[in-house]
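See below for the structure under consideration.
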Amino acid sequence: MGDLRLLLPAVGAWTTAWCAVAASDAGLDPVIVAGSIWTVAIALLATVLVARHRRRLLPLAAIGLVVCAAAGLTATSAAVQLDRRAASPLAAIAAAHVSANVVIEVVAAPRPMRAMWTEAGGAPTLRVDARVVAVDGLAVTPVPVTTTLDLPARDLSLGVRVAFAARVAALPGAEQSAFRLRPEGEPTIQGAPPAWLAWAVVPRSDLAKAATSLDGDGAALVPGLAIGDTTAVGADLDTAMRASSLSHLTAVSGANCAIVTAAAFGLAALCGARRSIRVVAALVALAGFIVLVTPQPSVVRAGAMAVAVLIAIASGRPGGGVAALSVAVIGLLAFDPWLARDYGFALSAAATAGLILLAGPLAARLARVMPVPLAIGLAVPLAAQLACQPILVLLDPAIALYGVPANLLAAPAAPVGTVVGLIACLVLPVLPAVGAALVQVAWLPASWIALVAHGASSLPGGRLSWLPDAPGALLLAACTALALVLVFATRSRTRVWAAAVLAVGLAVPVGISVGGPLVVGATRPGDWDLAACDVGQGDAMLVRVDAAIALIDTGPDPAALDRCLALLGIGRIDLLVITHWDADHAGGAAAVAGRVGTVLHGPLDGDRSDRVLEPLGDAGAESIEVVAGDRGTLGDASWRIEWPRPDASPGNDASVVLELEASGYRAVFLGDLGEEAQARLLRSTELGRVDVVKVAHHGSADQSERLYEELGATVGLIGVGADNGYGHPTAHLLELLGTSRTTVVRTDRSGTSTLTADGDGGFRLWSERGDSGSRPYT
């Protein structure tokens, strides 16, 4: 019970950190918030001193004091760091909307942005978390920033300094990064990392290179299992790992840290070292491992917990799991309060708490009906899944029903792949042949894990839809608690009560999962591939490939776009394409702020583009300027940018033209290209025949007849408003499409409309107003 009491200050610190970092966003002074908490702490301290002989009051006051002290530490840390952000010269630069020459220092492993690849198919654009150390040639107090760079991952190792010119956007106080930097010039490496960080570059890159010589998804998973490097994991494998609840295997966690520290501690013991030397050896090995895998939130949490346990061992005291976890959480939140809002940190802490508190009792209960080894093997993933699932539904409002069986099947392979892969990583720079052989050994368990992931994700009925956001998380936490009461309760009356309440709690999400599709099917199309939103005189086109969503332009009105997204049941947008900056294509962007992962756009246009991109960036979207030849993926589909050419001036004729190839159809979206730009597009690339064309410029007369003849599309989508005053779509354009045997779908007459590929080159059309009917077009 003493250990469990330490959870209270940890929860208090977490709650306070969550709120304190957002204090300035809510108009509160973080200093006043911290001061108020310390005032309460002082009052409780006085109560403890006065009531030290009162047995009933003293324990409550003491617990409250510890909770307030932990909360005060995190609030004070947040106040100091928020003040540092506000005083940074980057704040004034962001407010002035001007550029600055910055020098950043990389603080974490760069992550590939899966939406974007270069024409050569080489290294992807990388998202880099860093801290700014110099602005316009002057050293500054470091503040955290995020940016995207087109440099090889090997060049962006931990501690590297990179210089470039950038536009600066201030982010909300609740964001982990204080500013977002948008590079405007070529980045240059200005400084190598210090030796104590640089040593890890070679083994990391050697492991990645050795893994690429192998085949299949197992090759992509080897670096992930060993050191958490998931840059080689493709979109399909990543989706399968997530759907089967196996993605945690490629996130370095407490298990990895435990293996390293235990190995170092045991090796020192075999050498006859005394206890203090063993602890030092384990700490050094742990520090080296954290440098090798880079300090991700889950790694930092696991490392801090390991340090707490090792200190307890060194002092001759037992290092209880709950105590170590609580101390680690409080210490880390006091150091970096923004970890309270990091999902990786939350999932790591929740999984650890689940293993500490639930794995043992669940194994004991399961052992009554199955062999003990099987009970233990099942209890571990089940405990972690139960603890993490309320957090996971915040990311994806669904429960992976096959998660526990998939983890049970993958469990024997994971430690083998992790240990052998880690040894291979360390051996490769010294003994390449031996290291390569070990990588091949690690490939076997990694391939098994990939096979399990694909198998589990392909099974029918693998997802149970759940209520989204905080209500869904709270409901699931309550249902989990009731299920545990049902399992462990000894009184039959308690079990009956828990079962009844649990049934009521499950009725709502299960009803949504089962009845939702029936309601959707009766009111709107539940299955579609492309959609043209009715947003008035403007463009807003949607593409859906499996669960991935792309939105091409936003129309002029956020409310109209939001209505279309609600009609089609769209919450999250993976890829947003802004073809150009006219209001009828970009004016509705506010409707998707906070819902977008990546934004692709053409040449910037000063304040016009800033007004669109900055709110999206402030809400977490990554913005990338694209030119002809850039390419990427959307689910199982591939896309390629066909226009504009490099160094184009912003405007209609620099519209982003995107060509998409999906299962069953090809589509091209022409933005607002005029006839002359369309002719230049034809001369620069071979588009060939497509199945769907998004007609340029709302059907104006400024069109290339030859372009539409070459495309020969089955369907032409026109985003246009009724009585628009421009005469769009023009009779000339409609005649041109008729000559090409292209069926026209226009939003002024049909409203929001969807197309569903039938697999034989035709489409089923559903239109909101029903005047076109729901019939095939071939």
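The values are calculated or read from the model by the stated rules, or taken from the named source; none is laboratory data. On a predicted model such as this, the values are computed, not experimentally measured, just so you know. Neighbour counts are summed over all protein chains in view; Cβ atoms, including those assigned to glycine, are modelled from backbone coordinates with ideal geometry. Heavy atoms of the whole protein, side chains included, go into the accessibility calculation; ligands, DNA and RNA do not. Shrake-Rupley method; radii C 1.70, N 1.55, O 1.52, S 1.80 Å.
Inside the range 7-41, residues that are charged (D, E, K, R) and in a helix (DSSP H, G or I) make up a count of 1. Within the range 249-289, the set of residues being assigned to a helix (DSSP H, G or I), of a type outside the set (S, T, N, Q) and closer than 14 Å to residue 415 by Cβ comprises 249, 254, 255, 257, 258, 259, 260, 262, 263. Just one of (1) of a type outside the set (Gly, Ala, Ser); (2) open to solvent by 40 Å² or more (accessible area, probe 1.4 Å); (3) within 11 Å of residue 106 (Cβ to Cβ); (4) over 25 Å from the mean Cα position of the chain (by Cα) fails for residue 155. It is (4). Within the range 625-640, restricting attention to residues that are open to solvent by less than 10 Å² (accessible area, probe 1.4 Å) and of a type in the set (A, V, I, L, M), the residue that is farthest from residue 94 (Cα to Cα) is 637. Can you spot a residue in the range 42-64 that is touching a residue at least 40 places away in the same chain (Cβ under 8 Å), part of a helix (DSSP H, G or I) and of a type outside the set (A, V, I, L, M, F, W, C)? No - not one qualifying residue is present in the range 42-64.
In the set (1) closer than 30 Å to residue 569 by Cβ; (2) open to solvent by 40 Å² or more (accessible area, probe 1.4 Å); (3) modelled with pLDDT of 85 or more, residue 645 fails one condition alone, (1). Would you call residue 276 open to solvent by 20 Å² or more (accessible area, probe 1.4 Å), touching a residue at least 24 places away in the same chain (Cβ under 8 Å) and among the hydroxyl-bearing types (Ser, Thr, Tyr)? Judged against the criteria, residue 276 is a match.
For the range 729-760, residues that are open to solvent by 30 Å² or more (accessible area, probe 1.4 Å) and under 35 Å from the mean Cα position of the chain (by Cα) total 2.
Restricting to the range 183-212, count the residues that are more than 17 Å from residue 427 (Cα to Cα) and without any contact (Cβ under 8 Å) to a residue 12 or more places away in the chain. Counting residues in the range 183-212 that are more than 17 Å from residue 427 (Cα to Cα) and without any contact (Cβ under 8 Å) to a residue 12 or more places away in the chain gives 1. When the range 348-377 is filtered for residues that are open to solvent by 40 Å² or more (accessible area, probe 1.4 Å) and in a helix (DSSP H, G or I), the ones remaining, listed by number, are 355, 356, 357, 360, 361, 364, 365, 372, 373, 374, 376. All conditions in (1) open to solvent by 70 Å² or more (accessible area, probe 1.4 Å); (2) over 23 Å from residue 86 (Cα atoms); (3) at pLDDT 90 or above hold for residue 18, with the sole exception of (2). Within the range 725-744, track down each residue that is at negative phi and in contact with a Gly (Cβ under 8 Å, 6 or more places away or on another chain). The answer is 728, 729, 730, 733, 734, 737, 740, 742, 743, 744. Beta carbons closer than 7 Å, at least 6 apart along the sequence or on distinct chains, pair a first residue in the range 555-572 that is at positive phi and touching a residue at least 24 places away in the same chain (Cβ under 8 Å) with a second that is buried (at least 20 other Cβ atoms within 10 Å of the Cβ) and not in a loop (DSSP other than H, G, I, E, B) for 555/561; 555/584. Could you please let me know if residue 341 is of a type outside the set (A, V, I, L, M, F, W, C) and in contact (Cβ under 8 Å) with a residue 12 or more places away in the chain? Criteria met by residue 341. Restricting attention to the range 648-673, the residues that are touching a helix residue (DSSP H, G or I) at 6+ places or on another chain (Cβ under 9 Å) and surrounded by fewer than 20 Cβ atoms within 10 Å (Cβ to Cβ) total 3.
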